[in-house]
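Have a look at the structure below, then the notes.
The values are calculated or read from the model by the stated rules, or taken from the named source; none is laboratory data. These numbers were taken from a predicted model, which means no experiment stands behind them. All Cβ positions, glycine included, derive from the backbone under ideal geometry; neighbour counts span all protein chains shown.
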Amino acid sequence: MKLIKNSLLFILFKTPLFLFAQQPNNVLVTINDSIYTVADFEHLYNKNLDIIADESQKDINTYFDLYKTYKLRLQHAYDLTLDKLPKVQEEYNLYRKELAEKYFTNDTELKRLLNEALERNKTELNASHILIAVDEFSNANDTLKAYTKAIEIRNEILQGMPFENAAVNFSDDLSTKTNKGNLGYFGVFKMVYPFESGAYNTNVGEISLPIRTNFGYHLIKINKKRATPKTKKIAHILVYSKDKNTNEAKQKIDRIYKRLQVGDSFTDTAFHFSEDENSREKGGDLGFYNEGALNIEGISDIVYDLNFAGAYSRPFLSQYGWHIVAVTDIKNEAKLDDLNANFLRKIKSDERSKVLEKDLINHLKEMYHFKTNDENLLYTAKLLNRIDMFSEPKVQENTHTLKTIATFSNQKITIKNLLEHIYSHPVQYAEIKTNELLIKKAFNVFALQKLKETYNINLTTNFPEFAQTLKEYKEGLMLFELLEDKIWKTTQNDTLALQNYYEEHKELFVKPAYFIGEVYVFNKKSNAKTFQKLLKKQFQVNENHFNLVYKYQGTFELNDKRLPNRIDFNKLGKKVESQNNLHYVFLVRDKKNNTVPDFDVVKSQVLSIYQNQFENQFNKQLKQNAVIKTNQHVLNQLKLKYSKKNHN
């Protein structure tokens with residue numbers, strides 16, 4: 001629907017105003033008591049100048065007629081209250097929400113995060129970690145205790161304790177008992193953002209200072225770094241081996257490997273010899289490989305080194321037995337535009353959004369002179385009803401609950417406001433350990449919410465271009481509805497009128513004469529005549545013997561530019577035709593004279609022409625019913641200005 005609107009409503013695009021010798025607020029034209037200024041006309045004219053395909057429409061007189069028609073249609077749409085239609089309002093509100101998003105984002109910071117993610121996407125890391133767990137809402141003492149412990153562990157490692165031993169002995173990550181803290185390879189967006197940043201900012205072989213995430217403090221050791229591989233689809237052949245030292249399994253996998261070396265298909269070999277029942281029926285297919293998704297020892301480095309579709313590994317041993325892995329397909333790298341769009345979505349949905357949000361809330365607090373009453377905020381914790389929180393208890397209005405905890409612009413946030421917010425979102429806050437921490441968290445969330453609401457309401461006032469874009473979009477929706485209801489649907493459903501138009505204007509729908517066959521073009525007329533004689537006698541002709549210039553075949557109308565002019569359609573194929581030192585031989589397999597197709601065949605063409613005429617009549621009627629007064633002096637000034645500009 002939007003594509004249709006954009007193609008039809010060519011006067012709704014964005015460009016700056018040109019300075020004009022006349023004042024921008026000078027009246028250009030009055031239509032039905034509505035005044036339209038030079039500025040309004042130039043805004044629309046200039047924004048469409050580069051996208052108007054018809055050069056005649058760039059003429060000020062022609063465009064001024066289009067402008068008046070546009071304003072008349074728009075007035076008619078408002079008279080019909082099309083702006084109040086539910087579907088118009090629904091799409092308008094959706095567009096407003098989408099358009100408003102960019103005003104809530106610091107473009108510089110967003111670009112920095114995008115560039116950072118694109119750079120990190122080039123490499124992936126193999127890292128180990130140690131976690132000292134501490135809740136994100138823990139008090140200052142518990143947080144300091146966790147940080148101090150992390151520093152002590154780091155010092156022990158720097159003094160010689162193997163990182164793996166420290167992970168097993170001290171880490172609160174339960175998986176450490178089996179993986180010794182090793183997380184394998186990961187890339188951008190695979191870990192929470194603070195951990196990712198801590199890892200990418202640590203050199204290979206080094207151990208980071210404690211990195212804080214929602215889980216606690218992490219010590220990160222970077223084991224390896226490598227270029228990010230392409231996404232690969234893989235298959236494998238497995239021979240189970242309960243005892244890693246058994247020769248039987250090794251001998252079997254070696255025999256399978258020799259089959260592959262002499263050219264046997266990997267798919268067929270896997271089907272006949274692999275002992276993995278889950279993948280054997282699919283020729284060993286394991287799908288696209290994602291780092292860490294397959295718990296097979298050693299497979300990561302094996303797959304990484306297979307760099308083309310069809311490549312397969314030497315046999316390698318895992319905890320299950322002997323494998324041979326093959327790459328069956330490799331995905332092309334995403335285009336930069338697609339990658340940018342994908343990363344922008346991720347940035348706005350993962351923990352990076354908190355970076356943008358922090359920047360926003362600081363900006364809004366400064367803009368609206370946000371001030372907090374810390375004493376009343378602390379007092380709120382004493383009034384919090386944790387026991388009945390999930391029952392959404394009613395907050396009484398009294399001198400205690402009406403105390404102000406924050407002011408901004410001409411508004412305030414009271415204790416009552418904050419408690420009602422908490423009771424409306426109990427799941428969001430139930431796990432926070434203390435009342436004081438809960439109130440602090442809820443206040444930050446609620447304050448940002450109220451600041452954003454205020455900012456959003458005032459967007460049209462603070463940003464004129466936002467208001468203008470919204471207005472134009474709404475009016476575009478209205479004009480689409482007007483055209484659809486008054487012209488497109490009306491004409492499409494009036495079958496009798498369409499049939500009558502067809503009967504009265506059949507000459508518009510004549511299908512030109514055409515023939516089906518081949519056209520042979522020669523430099524020498526003698527060759528052309530000989531070739532035609534052979535065709536007439538239906539001999540098998542070897543075209544290579546005649547030094548053809550061109551050969552065309554298919555369906556041809558007589559005005560086809562590949563054919564000579566003024567062909568006698570009735571004698572077509574009976575003689576050689578010549579033009580511009582070229583000689584044409586026609587092999588006609590079928591031909592048709594001028595015909596008028598049935599109505600059903602050309603109905604869409606009839607509809608298109610009829611709609612255009614109906615629309616012109618609709619516009620004419622609007623003009624006849626309107627009172628239009630043009631300021632000719634101002635219009636002449638515009639003509640002079642743009643004749644010089646277009647000439648230059």
Only one of (1) more than 30 Å from Ser424 (Cα to Cα); (2) in the same structural domain as Phe443 (by TED's automatic domain parsing) does not apply to Gly321, and that is (2)
Of the residues Tyr200, Tyr257, only one is surrounded by fewer than 21 Cβ atoms within 10 Å (Cβ to Cβ) and in contact with a Lys or Arg (Cβ under 6 Å, 6 or more places away or on another chain); which? Tyr200
Checklist (1) out of contact with any His (no Cβ under 9 Å at 6 or more places or on another chain); (2) surrounded by 14 or more Cβ atoms within 10 Å (Cβ to Cβ); (3) at pLDDT 95 or above applied to His129, failing item: (1)
Limited to the stretch 498-551, what total is found for residues that are on the phi > 0 side of the Ramachandran plot and touching a residue at least 40 places away in the same chain (Cβ under 8 Å)? 1
I'd like to check something: does the stretch 295-313 contain any residue that is modelled with pLDDT of 95 or more, over 30 Å from Val445 (Cα atoms) and part of a strand (DSSP E or B)? yes
Checked Phe163, Phe195 against criteria (closer than 15 Å to His218 by Cα, surrounded by 17 or more Cβ atoms within 10 Å (Cβ to Cβ), among the hydrophobic types (A, V, I, L, M, F, W, C) and touching a helix residue (DSSP H, G or I) at 6+ places or on another chain (Cβ under 8 Å)); the one match is Phe163
Name the residues in the stretch 327-359 that are within 15 Å of Lys111 (Cα to Cα) and touching a Ser or Thr at 6+ places or on another chain (Cβ under 9 Å), would you? Ile347, Lys348, Leu356, Asp359
Residues satisfying the stated conditions in the stretch 177-222, i.e. polar (S, T, N, Q) and in contact with a Phe, Trp or Tyr (Cβ under 9 Å, 6 or more places away or on another chain): Thr213
From the residues in the stretch 408-445 that are touching a strand residue (DSSP E or B) at 6+ places or on another chain (Cβ under 8 Å) and among the hydrophobic types (A, V, I, L, M, F, W, C), which one is nearest to Asn139 (Cα to Cα)? Phe443
Could you list, in sequence order, all residues of the stretch 536-592 that are of a type in the set (Asp, Glu), over 15 Å from Val521 (Cβ atoms) and over 52 Å from the mean Cα position of the chain (by Cα)? Asp568
Looking only at the stretch 195-235, count how many residues are under 17 Å from Arg120 (Cα atoms) and among the acidic types (Asp, Glu). 1
Checking Ser318 against (1) modelled with pLDDT under 90; (2) surrounded by 12 or more Cβ atoms within 10 Å (Cβ to Cβ), the condition it does not meet: (1)
Suppose we keep only residues that are among the basic types (Lys, Arg) and part of a helix (DSSP H, G or I) within the stretch 355-403. Which one would you say is surrounded by the most Cβ atoms within 10 Å (Cβ to Cβ)? Lys365
Test: residue in the stretch 235-247 that is over 21 Å from Gly287 (Cβ atoms), surrounded by fewer than 12 Cβ atoms within 10 Å (Cβ to Cβ), at pLDDT 95 or above and touching a strand residue (DSSP E or B) at 6+ places or on another chain (Cβ under 9 Å): no
Checking Asn500, Asn527 in turn, the sole residue that is assigned to a helix (DSSP H, G or I), among the polar types (S, T, N, Q) and in contact with a helix residue (DSSP H, G or I) (Cβ under 6 Å, 6 or more places away or on another chain) turns out to be Asn527
Go through the stretch 319-354 and report how many residues are in contact with a helix residue (DSSP H, G or I) (Cβ under 8 Å, 6 or more places away or on another chain), acidic (Asp, Glu) and not in a loop (DSSP other than H, G, I, E, B). 0
Determine the pairs where a residue that is touching a residue at least 12 places away in the same chain (Cβ under 8 Å), located within the stretch 296-316, has a partner that is polar (S, T, N, Q) and surrounded by 14 or more Cβ atoms within 10 Å (Cβ to Cβ) with Cβ atoms under 8 Å apart, the partner being 6 or more residues away or on another chain. Ile296/Ser318; Glu297/Ser318; Gly298/Ser318; Ile299/Ser318; Ile302/Ser313; Leu306/Ser313; Ala309/Thr328; Gly310/Thr328
Just give me the residues in the stretch 367-414 being within 17 Å of Tyr429 (Cα to Cα) and of a type in the set (Lys, Arg), in sequence order. Lys382, Arg386
Can you work out which of the residues in the stretch 581-595 that are at pLDDT below 90 and part of a loop (DSSP other than H, G, I, E, B) is farthest from Leu548 (Cα to Cα)? Asn594
Near pairs, Cβ below 6 angstrom, 6+ apart or cross-chain, from the stretch 459-485 (buried (at least 19 other Cβ atoms within 10 Å of the Cβ)) to any residue that is among the hydroxyl-bearing types (Ser, Thr, Tyr) and at pLDDT below 90: none
Just to confirm my filter: which strands (runs of 3 or more DSSP E) fall fully inside the stretch 161-271 and include at least 3 residues that are within 37 Å of the chain's Cα centre (by Cα), under 30 Å from Leu113 (Cβ atoms) and touching a residue at least 40 places away in the same chain (Cβ under 8 Å)? 182-186, 216-227
Residue selected from the stretch 412-431 under the condition among the hydrophobic types (A, V, I, L, M, F, W, C) and surrounded by fewer than 19 Cβ atoms within 10 Å (Cβ to Cβ), by the criterion nearest to the chain's Cα centre (by Cα): Val427
